[in-house]
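Asker: Below are the structure tokens for one structure; questions will follow.
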Amino acid sequence: MTDIDTLQKDLANLPPDHPDRREAAVPAMLSLQSETGYLDDAAIEKIAEVTGLSSTEIEELATFYSLIYRCPTGRHIVQICDSVCCSMRGADQLLTAAENYLGAPLGGLASECAPTVLPSICLGLCDKAPAALVDGEAAGPLNRTLLETLLKRLQTEE
Ligand code: FES
């Protein structure tokens, strides 16, 4: 039985407007995403069915949370903070440098082995500005050279 099946069983007897249904949506999305790497429209529909919420409500949650991906991602994910501290220390130029280095727009995939680079709200790493999360690990302060070295390493890593 998958996590989603278990969740569906747990939610089956709850009233339609029970808050647990909404609280269950994000873990359900993360569970499905761990299998597929991202949530396509069918996954959104599946989570709506499991939780009893509308697909619009699930879509709203999916687009609100920065760790939920609606498009295919690379094997590695680099989230570069573009909030105030990081922006003042060059995050916008880093995001542009990443696009230029990878030859793909933010969130896009230039090739199968390319990492996905995404802008992010404050990562809580302001003391490392401009900062990033690389597959969930803190990195920073970054500059263009360090970022390009990092992207090159991620592209060639198995
Ligand atoms: S503003 Fe970038 S980590 Fe806080």
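The values are calculated or read from the model by the stated rules, or taken from the named source; none is laboratory data. Keep in mind it's a predicted model, so treat the numbers as computed, not measured. Glycine also receives a Cβ, built like all others from the backbone with ideal geometry; neighbour counts cover every protein chain displayed.
Asker: Quick one: would you say TYR101 is of a type in the set (Ser, Thr, Tyr) and either assigned by TED's automatic domain parsing to the domain that holds LYS152 or surrounded by fewer than 19 Cβ atoms within 10 Å (Cβ to Cβ) (or both)?
Answerer: yes
Asker: So, in segment 52-69, exactly how many residues are farther than 17 Å from ASP135 by Cα, under 11 Å from the mean Cα position of the chain (by Cα) and buried (at least 16 other Cβ atoms within 10 Å of the Cβ)?
Answerer: 1
Asker: Please state which one of LEU106, LEU118 is more than 8 Å from the ligand (Cβ to nearest atom), closer than 20 Å to VAL84 by Cα and surrounded by 18 or more Cβ atoms within 10 Å (Cβ to Cβ).
Answerer: Only one candidate qualifies: LEU118.
Asker: May I pose another question? Of all residues in segment 76-89, which are more than 8 Å from the ligand (Cβ to nearest atom), more than 17 Å from the chain's Cα centre (by Cα) and crowded, with 18+ Cβ neighbours inside 10 Å?
Answerer: Answer for segment 76-89, where residues must be more than 8 Å from the ligand (Cβ to nearest atom), more than 17 Å from the chain's Cα centre (by Cα) and crowded, with 18+ Cβ neighbours inside 10 Å: just ARG89.
Yes/no matrix, rows are residues, columns are (1) among the acidic types (Asp, Glu); (2) modelled with pLDDT of 95 or more; (3) over 16 Å from THR73 (Cβ atoms):
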site: ALA98; (1), (2), (3): no, yes, no
site: LEU106; (1), (2), (3): no, no, no
site: GLY124; (1), (2), (3): no, yes, yes
site: LYS128; (1), (2), (3): no, yes, yes
site: LEU133; (1), (2), (3): no, yes, no
site: GLY136; (1), (2), (3): no, no, no
site: LEU142; (1), (2), (3): no, yes, yes
site: THR149; (1), (2), (3): no, yes, yes
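Asker: Of all residues being free of Cβ contacts under 8 Å to residues at least 40 places away in the same chain and acidic (Asp, Glu) in segment 123-141, which is nearest to the ligand (Cβ to nearest atom)? Just the residue, please.
Answerer: ASP127
Asker: Give just the number: which of (1) farther than 20 Å from GLU137 by Cα; (2) part of a helix (DSSP H, G or I) does SER34 not satisfy?
Answerer: Here SER34 clears every test but (1).
Asker: Wholly within segment 39-146, which helices (runs of 4 or more DSSP H) include no fewer than the required count, namely at least 3 residues that are out of contact with any helix residue (DSSP H, G or I) (no Cβ under 7 Å at 6 or more places or on another chain) and under 26 Å from ALA25 (Cβ atoms)?
Answerer: 41-51, 55-64
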